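Participant: Handing you this structure, nothing more for now.
Bear in mind that the values in this text are calculations on the coordinates, not laboratory data. What you are looking at is a predicted structure, and each value in this text was computed from that prediction instead of being measured. With ideal geometry, Cβ positions are generated from the backbone for all residues, glycine too; neighbour counts draw on all protein chains shown.
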Amino acid sequence: MSSSHSKVQIQGIGYDPTVGPRSTGPTQAPLPATPTMRGGQLSSPSTPITSSTPAIFSTRSNSLKSSGSNAIGGLTSIYDRNLHRAKHEISLSSLSFLFMEMISINLNTSKSVVELERKLNNLGYTIGLKYLELASLRVNFNNNLTSSGKSNTAKRDIKILEILQFVVSTIWTSLFGKPADNLEKSSEFNNQFMIIDNAPLLTRYISMPKEYENLNCEAFIAGLIEGVLDSSYFKCEVSAHGVPIDNFPTRTVFLIKFDESVMKREARLAGK
Amino acid sequence: MPIYSVYMISKSGSLLYEKDFKVEGSPITKQNSNDYLVIAGTLHGVHAISSKITPPESVKPNNTSKYNSNKLGLRCISTELFNIHVNQTVTGLKIILFTSPDVTSPKAYPLYQRVYEYYCDYVLKNPFYNLDMPIRARLFDDKVLEYVDKLNV
């Protein structure tokens, strides 16, 4: 397979914002012979699965009616799967290798440790902005399964301690399958809080060499927390610091510094 | 069944990792860094020669494992005081264990598997490690030491 050919292929896979959710979903039409068609196609005609079975993919509208009916050949789009699955688990190995490559790529393109940390932080930030929505949807759904049929609208936390509790319990559990180990308030500064994780998942296999001692790869998660807090109107800066203790060599402290405006709002809310 | 030392040799014969553990009554004396390279190179060479001279029909088909690709080469050197076990992964990495003489090949195999597992987790998933370079990963050291200490007690 030539490299130019595979480039054309890639365009057919993945999310195409000009087409919308359909672009990664199953397709309706039989596939044309040329691989030049963009979007809308599950994969290129050159792959054996699609070329031999052109008509078996049900349409998008079908898939909305019955889930599972279009799992032909093991191909289901993520849009056909329920948002509220009981388990949301992925392979830790795959995640570790992916995260390793994210660091490697950014390491090669960064001039300094500070720049690398900022880049990882930015990557996490964009995820955090969106992740808040999904996490709060899921937690409300699960809570309301047990209670009487309340609506699935999320409760929005407006106080600092409440939102931090939400991050420590809900966000942490949905990301890592366990709550964070500790939440502390800085004794020196009123606007600083610390979330402590004794054994962070992403850096479980990463040992820092001497020349990168100041770097903590959990900057990615720090960015994610910052994204979550920012999109819930708690402007802040989050940084990750490695603070190893006995038995926990990768223990990490996430330092959260809230903005002045948040502290003013908090004081106003408390005064009420 | 104590483990005295763990060596790792890359597929090209360079020494990636060497660790002598503090075990009471260990017959392995500490070498200087040059001697480690010589030992690694020698073992690599002997292994290569032995795999060339082994007749392929002598290899039992059921004597092969998913994780150990050392089918033709040198497997074990036995002496009065210690055994040297040579195991090879599918990528040609050799993991060499110096153990006490009571550790036979079948007994050494789980030990090798564990060290291999730690290598895969704590070395290969480390973004700061370059393939075929000497291994310097604190977490890997910790894990291997923790495991060996448990056995050596």
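Participant: Determine, for B:T89, A:T252, the number of other Cβ atoms within 10 Å of each Cβ, and report the residues in order from fewest to most. Show your work: numbers first, answer last.
Facilitator: Values: B:T89 18, A:T252 26.
Going from sparsest to densest Cβ surroundings: B:T89, A:T252.
Participant: Now for a separate question. List the lysines whose alpha-carbon lies under 25 Å from that of A:K185, not counting same-chain residues fewer than 8 positions away?
Facilitator: A:K155, A:K159, A:K235, A:K257, A:K264, A:K272
Participant: Let me confirm one metric for peptide A:200-207, namely the mean number of other chain beta-carbon atoms within 10 Å of its residues' beta-carbons.
Facilitator: On the way: counts 0, 0, 0, 3, 4, 13, 8, 12.
Other-chain Cβ atoms within 10 Å of each residue's Cβ, averaged: 5.
Participant: For A:S136, A:S94, B:S100, what's the fewest-to-most ordering of other Cβ within 10 Å of each Cβ? Walk me through the numbers on the way to the answer.
Facilitator: Details: A:S136 22, A:S94 9, B:S100 17.
Ranking A:S136, A:S94, B:S100 by Cβ neighbours within 10 Å, fewest first, gives A:S94, B:S100, A:S136.
Participant: A further question follows. For chain B, what does the helix formula give at 222 nm: sum of -39500 (n - 2.57) over DSSP H segments with n ≥ 4, over the residue count, nearest 500 deg cm²/dmol? If you can, show how the numbers build up before the last one.
Facilitator: Details: 3 runs with 50 residues, N = 153.
It lands at -11000 deg cm²/dmol.
Participant: In addition: Cα centroids of segment A:97-141 and segment A:211-257: how far apart, whole angstrom?
Facilitator: So the separation of the two Cα centres works out to 11 Å.
Participant: Which of the peptides B:124-137, A:211-224 is most tightly packed, and how do the rest follow, going by the mean number of other Cβ atoms within 10 Å of each residue?
Facilitator: Working: B:124-137: 16.6, A:211-224: 21.6.
In descending order of packing, they fall as A:211-224, B:124-137.
Participant: Along the Cα→Cβ direction, 7 angstrom out, place labels at B:R138 and A:S169. What is the inter-label distance in nm?
Facilitator: About 3.4 nm separates the two model spin labels.
Participant: Limiting things to C-alpha atoms, what are the Rg and the maximum Cα-Cα separation (Dmax) for chain B, in angstroms?
Facilitator: Considering chain B through its Cα atoms, Rg and Dmax are 15.0, 43 Å.
Participant: Can you give the FRET efficiency for B:Q113 and B:E24, using 1/(1 + (r/R0)^6), R0 = 22 Å, r = Cβ-Cβ distance, to the nearest 0.05?
Facilitator: Working: r = 26 Å, r/R0 = 1.17.
Working from the Cβ atoms, E equals 0.30.
Participant: For B:K30, list the lysines whose Cα falls under 24 Å from its own Cα; do not include residues on the same chain fewer than 8 positions away.
Facilitator: B:K30 reaches B:K19, B:K22, B:K94, B:K143, B:K150.
Participant: What are the aspartates and glutamates whose alpha-carbon lies under 17 Å from the alpha-carbon of A:K130, with same-chain residues fewer than 8 places away excluded?
Facilitator: A:D157, A:E226, A:D230
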